[in-house]
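Everything on this sheet refers to the single structure shown next.
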Amino acid sequence: MKVLLIFAAIAIACTSASLAGGFKKTEISQYEVTKSALHRQLFTFGKQEFIKRALEAKEINTSDWKLSALNSVYTQVVAGLNYKYNAELKNSKGETMFVTFVVHKSVGANPTFKFVSYKINDEAIY
């Protein structure tokens with residue numbers, strides 16, 4: 001019986017450890033990204049950095065991409081917070097692009113933002 005309890009405790013600890021620190025889906029909506037000052041700043045910073053880096057890498061050829069739909073937002077607790085945005089962007093030519101990008105927000109009275117990564121996707125991610 002003791003052996004069984006020990007194995008059960010180890011299994012629970014391993015399951016919990018594998019989930020800790022991972023991205024978790026949030027209820028941040030497109031409305032909040034456009035109306036909340038913090039979320040607007042985070043998303044705008046991330047979108048601008050994504051466009052700059054994707055242009056430099058020649059993955060896109062125009063900078064006039066605008067938010068068409070915010071499909072999902074995930075957060076990850078680290079030394080601060082990582083925000084992962086899954087968005088649909090459209091440009092003036094009517095082209096659509098699905099992109100995921102991550103922005104880090106530091107902790108403290110004067111938080112700073114840092115662009116972490118991006119990926120251009122073949123389809124929307126929810």
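Quick one: Glu95 ticks every box in (1) buried (at least 18 other Cβ atoms within 10 Å of the Cβ); (2) more than 16 Å from His39 (Cβ to Cβ); (3) charged (D, E, K, R) except a single one, so which number is it?
It fails just one condition, (1).
Can you tell me which of Val77, Val103 is assigned to a strand (DSSP E or B) and exposed (fewer than 14 other Cβ atoms within 10 Å of the Cβ)?
Of Val77, Val103, the one residue that is assigned to a strand (DSSP E or B) and exposed (fewer than 14 other Cβ atoms within 10 Å of the Cβ) is Val77.
Could you run through the range 25-61 and say how many residues are surrounded by 15 or more Cβ atoms within 10 Å (Cβ to Cβ), of a type in the set (D, E, K, R) and free of Cβ contacts under 8 Å to residues at least 40 places away in the same chain?
Summing the residues that are surrounded by 15 or more Cβ atoms within 10 Å (Cβ to Cβ), of a type in the set (D, E, K, R) and free of Cβ contacts under 8 Å to residues at least 40 places away in the same chain in the range 25-61 gives 1.
Tally the residues that are within 13 Å of the chain's Cα centre (by Cα) and more than 13 Å from Phe43 (Cβ to Cβ), restricting the search to the range 99-117.
Of the residues in the range 99-117, 4 are within 13 Å of the chain's Cα centre (by Cα) and more than 13 Å from Phe43 (Cβ to Cβ).
FYI, it's all coordinate maths here, none of it is from the lab. As the structure is a prediction and not an experimental result, all values here were calculated from the model. Using ideal geometry, Cβ is built from the backbone for each residue, glycine included, and neighbour counts are taken over all protein chains shown.
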